1. Could you grab the relative contact order for the chain? Cα pairs under 8 Å, six or more apart, rounded to a whole percent.
2. Okay, helix-only estimate at 222 nm for the chain: each DSSP H run of n ≥ 4 adds -39500 (n - 2.57), divide by all residues, round to 500 deg cm²/dmol; what do you get?
3. For the pair residue 92/residue 76, report the inter-label distance in nm, with labels modelled 7 Å from Cα in the Cβ direction.
4. If packing is taken as the average count of other Cβ atoms within 10 Å, what order do 24-32, 54-62 fall into, highest mean first?
5. Pairs of Cα atoms under 8 Å, at least six residues apart: use those to get the relative contact order of segment 6-77, whole percent.
6. Could you work out how far apart the two model spin labels at residue 107 and residue 23 are, taking each label as a point 7 Å from the Cα in the direction of the beta carbon, and quote it in nm?
7. Could you give me the percent of Cα pairs per 5 Å distance bin for the chain, shortest bin first, beginning at zero and ending with the bin that holds the maximum distance?
8. What do the square roots of 5 times the Cα gyration tensor eigenvalues come to for segment 30-76, in whole Å, largest first, as semi-axes of the equivalent ellipsoid?
Amino acid sequence: MKRPPLEDVLSALADPTRRRVVELVGRKPRRASELADELGASRPAMSRHLRVLREAGILQEEADEEDGRAALLTIDRSAFTGLHDWLAEVESFWTDQLASFKSVAEARALSLAEEKSAPSRARKRAS
């Protein structure tokens, strides 16, 4: 299956209710009515949330083996591949930047400590 655009995934996950749906469906496949009941949402509101998640490629429907009239919602994990890759890239950038900042800060702190101790050493030698 083709990976959905990152902006579609991020947009769909921007809503807290949709993130909660992803958490719940990630634990086990569920019917839309179960999700509506568990989240205290009306059926039409849940339907809109689920449509957004399906269109973003995050959710998919599978036939419910117990009830052929119902569909179970499952997570399409491939939707998260692009998000994971992007987050790893951002994390790598910030890890490098923070390591560089840490080196500069430590060097500066060492330099300041040496400057503070230099006058006291000069006084000790003079005595």
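Any read-out appearing in this document is the output of simple, stated calculations on the displayed coordinates, not a laboratory observation. Predicted model, so just to flag it, every value in this text is computed and none were measured. Here the Cβ is made from the backbone with ideal geometry for all residues, glycine too, and neighbour counts use every protein chain on show.
1. Answer for the chain is 26 percent.
2. Working: 5 runs with 89 residues, N = 127.
One gets -23500 deg cm²/dmol as the mean residue ellipticity at 222 nm.
3. 2.7 nm
4. In decreasing order of mean packing, 24-32, 54-62 become 54-62, 24-32.
5. 35 percent
6. Using points 7 Å along Cα→Cβ, the separation is 4.4 nm.
7. Calculated over all Cα pairs of the chain, the distribution is 2, 9, 14, 14, 11, 8, 6, 5, 5, 5, 4, 4, 4, 3, 3, 2, 1, 1, 0, 0 percent.
8. Value: 16, 15, 8 Å, ordered largest first.
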